[in-house]
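See structure below.
Read the figures in this text as sums done on the coordinates, not as results from a lab. Bear in mind that the values here come from a model prediction, so they are computed numbers and not experimental data. Quick reminder, even Gly has a Cβ in these numbers, built from the backbone with ideal geometry, and neighbours come from all protein chains shown.
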Amino acid sequence: MQNLVSVIVPFFNREKYLKECVDSIAAQTYKNLEIILVDDGSTDGSAIIVNSMAKNDSRIKLITQANSGVQRARYAGYNSCNGEYIMFVDSDDYIDKNMVENLLKTAVDNNVDMVSSGLNLYYENSGQILRRKKSPDHFGKFEKDEILSILKSKFLLDDDGDSWLPLTMHGKLYKKEPLKHAFDNSLDIRFCEDHVALIDIFYHLNSLFVLDEFYYYYRKHSEQTILRNSDKIWDSRVGALLNIKSADKNGYFKEQFNHKCYIYLRDLVKRNLKKEKLSISLVKERLNSWIEQLPNTFDFDTSQMSIKQKYRYFLLKNKLLWLCKYT
């Protein structure tokens, strides 16, 4: 295999993690790489780190732009790359040394437009690494009709209450041509831009391969808890869901979308009441605002729920929050 693979890394003020990220890409067993770093208006020493690494590795290229968001940074990298295949890596993450080689071999051998790897969740504070396992029917090659069926039935919400595959731009290898559709509707979105991008990609895929192997390390660190005690996380969830709904131009999601809304709402209420111990009146105010914006949150089939799950659903639907504290 001599296919050129472009690895695009958007970054903004990531000097703490950037070297580890780029080192993991440069150390790949597959060497025919173009490593494109896109500086999205950083004000720290990130660009200095990249320039220093580029002196020792001619495959590393730096693009700079005014701060415009991660998706516009990815787009800048896409427009500048020369690879037949493209991979995205977030600047605070890192990848296994065999990732490019194994995903590319899978793509070429099976003639598919996209290959998806599993994600390792790396908890920085503890050093713990967790993997989210899926059933065997999630893996292997999927043709266009199967992909559309997945969109209609379980793209957002699978049997385990999670998405069918990681709804992230990273952790995957793409052919360049279908990837262009990732930027059709997501460039100016700040909440769930990856979800919207993948929806548009899925509409245009002829085939994909999902691996039961975990090559990507997604870092979970303390910075991701900034919104923990703020109502901003409610706004971000609502914004994300409205963006997903807008992207579903073919109306594929329907019930799975409403069910996804309910799961987000249930988890937020649970966290506010039990973990953060916020007042019932405040949580109810947030709940009412949610329902105003997403009025069909409770409109989905509950027949497969357990008795306990149905009880929680009943309490939340009827806004009996004082009882939700004890379930």
**OP:** Note the angle between two axes, namely the Cα long axis of helix 193-204 and the longest principal axis of the Cα atoms of the chain, as a number of degrees from 0 to 90, rounded to the nearest 10.
**Re:** 70 degrees
Subject >> Taking the chain and dividing mean pair separation by its residue count, relative contact order in percent (alpha carbons under 8 Å, at least six apart) >> reply: 17 percent
Subject >> Out-of-range pairs (alpha-carbon distance over 26 Å; input LYS134/LYS220; LYS97/LYS220; LYS232/LYS260; LYS61/LYS134; LYS245/LYS270; LYS97/LYS232) >> reply: LYS61/LYS134; LYS97/LYS232
Original post:
Rounded to the nearest 0.05, what FRET efficiency is calculated for THR64 and LYS254 with R0 set to 35 Å and r the Cβ-Cβ distance?
Top reply: 0.25
**OP:** Fewest Cβ neighbours within 10 Å first, please rank TYR123, TYR174, TYR215 accordingly.
**Re:** TYR123, TYR215, TYR174
Subject >> Theoretical gain in end-to-end length, ASN51 to SER149 [0.36 nm per residue, Cα-Cα removed] >> reply: 30.7 nm
Subject >> Mean Cα-pair separation over length for the stretch 8-54, i.e. relative contact order, pairs under 8 Å, 6 or more apart, % >> reply: 59 percent
Subject >> Radius of gyration, Dmax [the stretch 199-327; alpha carbons; angstrom] >> reply: 17.1, 50
Subject >> the stretch 69-160 - percent relative contact order, Cα under 8 Å, separation 6 or more >> reply: 12 percent
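Taking the stretch 64-144 on its own, what percent of its Cα-Cα pair distances exceed 22 Å?
For the stretch 64-144, the share of Cα pairs beyond 22 Å comes to 44 percent.
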Original post:
How large is ³J(HN,Hα), in whole Hz, for each residue of the stretch 175-185 in order, when computed from phi with the Karplus curve 6.51 cos²θ - 1.76 cosθ + 1.60 and θ = phi - 60°, using x for Gly and Pro?
Top reply: 5, 5, 4, x, 5, 4, 6, 4, 9, 5, 10
**OP:** Please state, rounded to one decimal and in Å, the Kirkwood hydrodynamic radius that the stretch 23-82 gives when every pair of distinct Cα atoms enters the mean of 1/r.
**Re:** 12.2 Å
**OP:** Show the residues, 5+ positions off or on another chain, whose built amide H is closer than 5 Å to the amide H of LEU119.
**Re:** ARG132
Subject >> Estimated 222 nm signal from helices in the chain, with DSSP H stretches of n ≥ 4 weighted -39500 (n - 2.57), rounded to 500 >> reply: -12000 deg cm²/dmol
**OP:** With θ set to phi - 60°, apply the Karplus curve 6.51 cos²θ - 1.76 cosθ + 1.60 along the stretch 41-48 and write out the HN-Hα couplings as whole Hz, x wherever there is a Gly or Pro.
**Re:** x, 4, 10, 9, x, 4, 5, 4
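Quick one: dipole size for the stretch 216-327, taken about the Cα centre, charges +1 on Lys/Arg Cβ and -1 on Asp/Glu Cβ, in debye to the nearest 20.
Its charge dipole is roughly 480 debye.
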**OP:** Could you go through the stretch 122-128 in sequence order and give the Karplus-derived ³J(HN,Hα) for each residue, using 6.51 cos²θ - 1.76 cosθ + 1.60 with θ = phi - 60°, rounded to whole Hz, and x for Gly and Pro?
**Re:** 9, 8, 4, 5, 9, x, 6
Original post:
Listing THR168, THR29 from the residue with the fewest other Cβ atoms within 10 Å to the one with the most, what is the order?
Top reply: THR29, THR168
Original post:
Working from the pairwise distances between different alpha carbons, so that the mean of 1/r is found and then inverted, what is the stretch 5-224's Kirkwood radius in Å?
Top reply: 17.6 Å
Original post:
Along the positive direction of the dipole of the stretch 232-301 (beta-carbon charges: Lys, Arg +1; Asp, Glu -1; about the Cα centre), which of LEU273, LEU242, LEU287 reaches farthest?
Top reply: LEU273
**OP:** Measure nothing fancy, just the Cα-based angle from helix 254-270's long axis to the longest principal axis of the chain, in degrees from 0 to 90, nearest 10.
**Re:** 80 degrees
Original post:
When the Cα centres of the stretch 24-67 and the stretch 88-136 are compared, how far apart do they sit, in Å?
Top reply: 20 Å
Original post:
ASP137 versus SER80, label points 7 Å from Cα toward the beta carbon: distance in nm?
Top reply: 4.5 nm
Subject >> Ranked list, fewest to most other Cβ atoms within 10 Å of each Cβ, for HIS221, HIS204 >> reply: HIS221, HIS204
Subject >> Charge dipole magnitude, Cβ of K and R +1, D and E -1 - the chain, Cα centre, debye nearest 20 >> reply: 1260 debye
